[in-house]
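Written below as structure tokens is the structure these notes are about.
The values are calculated or read from the model by the stated rules, or taken from the named source; none is laboratory data. Just so you know, these numbers come straight off a predicted model, no measurement behind them. So basically every Cβ, Gly included, is an ideal-geometry build from the backbone, and we count neighbours across all protein chains shown. Remember, those area values only see protein heavy atoms, side chains included, never the ligands or the DNA or RNA. Shrake-Rupley method; radii C 1.70, N 1.55, O 1.52, S 1.80 Å.
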Amino acid sequence: MSDKELNWYYEPDLKTGDLSEGFPDRYITREPIPERLDALLESLQYVNSKVEGDAPKLRPDFCTWRGIMTKVLCAPYSRDKWELGVTLYNGTIYMEEHEKRKDLYGSTDKDKLMSYMGYKFESLATIPVPPSKLNGLDDELLAKRKEGFVNTNIQFCSVFKTKVGYNSIVMGAEVDCLVADSRPQKNPQSAYAELKTNRVITNPNQQKSFERHKLLKIWAQSFLPGIPTIIIGYRQDSGALSHIERRKTLDIPRSVRGTQPGIWDATVCINFADAFLKWVKTFVVEDDPKVVYTIEFDGRAIRLLRVDKGVEGVEGCFIPDWYLAK
């Protein structure tokens, strides 16, 4: 377990910042395969292996990726469809998304460019050393940010312990960067930041859409693991960086309140997620990794789709054998 891929935030030069530069020649993408729980389970297993004596091991009510809990949190205001596989093992409910093989970076050249620009902003806005270690504005690390490859295979994932209502959750999430000059020894997420991009907003309708849709997801992604800072790079259609905005995660719900009819409410989202987890507990009761419950959200309502018993192989039983053997 290492944090060597966790970089520090260092504001990019707006005069030369071009999020389209390097596309597609300097773009390395990872294989678009469904995200399994293996890496998260490996981290959980590692944490429990360090428990000594009679100290209790980490056994949460739920174990999943942040992306899944983000979908749940946003569901009251979203029409995005999703399907989850859920299984109970040793007192913990594990959830993973049922995904078909798909292109994670877009099906058209324009979609791929939009995806690239988000990753490019991360490359331009981070460095591998604390800012205090730079040798001025001419440090070669700053030049490398612009000229280097955008490689989506390189990422830092952290494991968070959190709660929604009385439901304890161990959750894995990708972390973009640090905004503190040193790594905190306690509560490390207090120094983490999320990096996002958005097209420059030029009219009231775009502002309403941004507040209604994108800010909801941005807030949910950062609220769940307790990441306090969000940094948004606004770009022109050409990819040129226009300006950068910092937001505090906990201030976002207040900033959108009352701005338009039917705008999302953070309390509604949290209460819904709490009710969802309680509901899952009522029927996911057979403690057996070979029993998989399938839950579906069709854009309007959530329902238990089916229960499969005696499942075999990686496509059925999504808890790997090496985890079960420990």
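Within the bounds of the stretch 57-79, is there any residue that is among the basic types (K, R) and surrounded by 16 or more Cβ atoms within 10 Å (Cβ to Cβ)?
Yes: the stretch 57-79 contains one or more residues that are among the basic types (K, R) and surrounded by 16 or more Cβ atoms within 10 Å (Cβ to Cβ).
Anything in the stretch 2-50 that is outside any loop (DSSP other than H, G, I, E, B) and closer than 25 Å to I169 by Cα? List them, or say none. Quick ask: steps written out before the conclusion?
Step one: list which residues in the stretch 2-50 are outside any loop (DSSP other than H, G, I, E, B), which gives 8-9, 18, 27-28, 38-49.
Across the stretch 2-50, the qualifying residues are D38, A39, L40, L41, E42, S43, L44, Q45, Y46, V47, N48, S49.
So, in the stretch 213-247, of the ones that are more than 22 Å from I68 (Cβ to Cβ) and among the basic types (K, R), which residue ends up most open to solvent (accessible area, probe 1.4 Å)?
R246
Pairs, please: C-beta under 8 Å, at least 6 apart or cross-chain, first residue under 18 Å from I68 (Cα atoms) and of a type in the set (V, I, T) and in the stretch 32-58, second part of a loop (DSSP other than H, G, I, E, B) and open to solvent by 50 Å² or more (accessible area, probe 1.4 Å)?
I33/R101
Which one of the conditions (1) in contact with a Lys or Arg (Cβ under 9 Å, 6 or more places away or on another chain); (2) under 25 Å from F272 (Cα atoms); (3) without any contact (Cβ under 8 Å) to a residue 24 or more places away in the chain does K163 fail to meet, given that it meets all the rest?
(1)
Quick check on the stretch 168-186: of everything there that is buried (at least 19 other Cβ atoms within 10 Å of the Cβ) and among the small types (G, A, S), which residue is nearest to L277 (Cα to Cα)?
G172
Can you name the number of the only condition in (1) more than 24 Å from the chain's Cα centre (by Cα); (2) under 24 Å from V170 (Cα atoms); (3) exposed (fewer than 11 other Cβ atoms within 10 Å of the Cβ) that D287 fails?
(3)
Can we say G165 is within 25 Å of L37 (Cα to Cα), under 23 Å from the mean Cα position of the chain (by Cα) and open to solvent by 40 Å² or more (accessible area, probe 1.4 Å)?
Yes: the conditions hold for G165.
Test G53 against the criterion of being open to solvent by less than 50 Å² (accessible area, probe 1.4 Å), in a loop (DSSP other than H, G, I, E, B) and on the phi > 0 side of the Ramachandran plot, and give yes or no.
Answer is no for this residue.
From the list Q189, Q206, Q155, exactly one residue is more than 24 Å from N48 (Cβ to Cβ) and surrounded by 13 or more Cβ atoms within 10 Å (Cβ to Cβ). Which is it?
Q206
Looking at the structure I just gave you, is Y89 at pLDDT 90 or above and in contact with an Asp or Glu (Cβ under 7 Å, 6 or more places away or on another chain)?
Against the criterion (at pLDDT 90 or above and in contact with an Asp or Glu (Cβ under 7 Å, 6 or more places away or on another chain)), Y89 qualifies.
Test V256 against the stated conditions and say whether it is in contact with a Cys (Cβ under 9 Å, 6 or more places away or on another chain) and surrounded by 13 or more Cβ atoms within 10 Å (Cβ to Cβ). Write out each step before concluding.
On the way: in contact with a Cys (Cβ under 9 Å, 6 or more places away or on another chain): no; surrounded by 13 or more Cβ atoms within 10 Å (Cβ to Cβ): yes.
So V256 does not fit the description; no.
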